[in-house]
Structures are given as C-alpha cells and as structure tokens.
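Contents: one structure, followed by commentary.
We did not get these values from a lab; they are worked out from the coordinates using the rules stated. Fair warning: this is a prediction, and the values are worked out from it, not measured in the lab. A quick note on method: Cβ atoms are made from the backbone with ideal geometry, for glycine too, and the neighbour counts reach across all protein chains shown.
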C-alpha cells in the first residue's frame with residue numbers, strides 16, 4: 001500500500017504530526033500548496049492535515065477542489081487546534097467542513113500549540129481582540145475553546161503536541 005501525507009502548517013504543529021505519521025508509515029510528506037493532483041493518483045492512501053482556523057481546516061480546499069479525481073482512494077483527514085478536545089466543538093468542525101462529496105471522510109483531532117510570539121501580526125491582533133471580547137463574559141459561561149484562549153496569556157506559550165494523537169490515524173490506514 002502506498003500513501004502520501006499532505007499538510008498545511010502555519011505554526012508547525014500539523015507538520016510535526018505529518019512527520020510522525022510519515023515515520024510510522026513510510027509515506028512521504030508534502031505541503032498541500034506544493035501538491036500535484038496528477039502525482040496523487042499513484043497512491044492508495046491520501047492523508048491531509050491542517051490547522052483549525054475559525055472552524056475551517058487549512059488545506060481542505062485542496063481536497064474539495066480535487067475530490068472527484070481521488071475516487072477509490074482511502075482519504076483520511078486530521079486537524080490541529082489549540083483547544084482541548086471537546087466532542088461538541090469537534091462535531092461542529094466536522095459538520096461545517098465535511099459536506100457533499102466530503103461527507104463520511106474520517107477526520108481526527110490532534111491538539112497543537114499556541115504561541116503569540118510566533119503568530120503573524122494579523123493572527124496576533126485577532127487573538128488579542130478575541131481575548132478582549134471573551135474577557136467580558138462570565139468565566140463560568142466560557143466554551144472550551146474560550147477557556148483555552150484565556151488560559152494562555154498574551155505572551156505565554158502552550159504546546160500540547162503529543163505523538164499519541166496519531167494512533168487512531170495509523171489504525172485508520174489499515
């Protein structure tokens with residue numbers, strides 16, 4: 001069985017998971033932006049990983065655009081986020097992203113990182129604005145992602161990358 005891992009990693013967590021999956025499977029890794037759909041036809045398994053941003057999965061647009069050319073392939077997606085796993089939040093991400101021809105594609109959650117100092121100016125500004133808005137709420141009413149956002153201060157770092165998150169992905173490959 002041959003496979004390839006496509007990934008879109010803004011701050012490194014998704015790339016780390018892609019590298020770990022590559023080590024376990026022998027599949028090569030390539031950035032989604034550099035992927036050539038013609039070369040994917042040689043592979044039985046296509047794994048796509050991307051960070052979660054505003055409930056969207058980075059890099060998933062490549063899959064949406066090319067899903068018709070990937071018929072008969074085993075497709076697996078993993079997404080990375082800074083929040084702890086929450087079944088309701090995860091299900092909302094799946095419902096938002098896996099519609100139409102993407103419905104039924106398995107998706108796995110891997111917890112990533114949060115580091116304001118590594119963020120682009122735009123992302124840092126958006127996070128600060130979001131933190132200010134969330135701070136106005138009663139902490140007892142925070143959603144899980146809001147708790148995670150508020151737990152990591154403006155200049156703090158959080159790294160929750162864990163190799164254990166790839167185990168369900170490895171099992172899904174078969």
Listed with the fewest Cβ neighbours within 10 Å leading, 127, 79 appear as 127, 79
Compute for the stretch 24-67: radius of gyration divided by Kirkwood radius, i.e. Rg/Rh, restricted to C-alpha atoms, rounded to two decimals.
0.97
In deg cm²/dmol, rounded to 500, what helix-only [θ] at 222 nm does the chain give when every DSSP H run of at least 4 residues adds -39500 (n - 2.57) and the total is split over its residues?
-10500 deg cm²/dmol
State, in angstrom, two size descriptors of the stretch 13-95 derived from its alpha carbons: Rg to one decimal place and Dmax to the nearest whole number.
13.2, 37
In degrees between 0 and 90, to the nearest 10, how far off the longest principal axis of the chain does helix 13-25 point, with axes built from Cα atoms?
30 degrees
Where does each of 128-140, 55-67 land if you order them by average Cβ count within 10 Å, highest first?
55-67, 128-140
By how many degrees, 0 to 90 and rounded to 10, does the Cα axis of helix 87-97 deviate from the longest principal axis of the chain?
60 degrees
For the stretch 122-170, what is the convex hull (Cα atoms) projected area averaged across all directions, in square nanometres?
4.8 nm²
Span from the the stretch 45-113 Cα centroid across to the the stretch 125-174 one, whole angstrom
18 Å
Which value, in Å to one decimal place, does the Kirkwood hydrodynamic radius take for the stretch 67-133 when every pair of different Cα atoms is included?
14.4 Å
How far, in degrees from 0 to 90, does helix 121-135 lean away from the longest principal axis of the Cα atoms of the chain, to the nearest 10?
50 degrees
Taking 0.36 nm per residue of separation and subtracting the Cα-Cα distance, what length does fully extending residue 99 through residue 132 add?
8.6 nm
More than 29 angstrom apart: percent of Cα pairs within the chain
22 percent
Calculated FRET efficiency, residue 69 and residue 123, Cβ-Cβ r, R0 35 Å, to nearest 0.05?
0.65
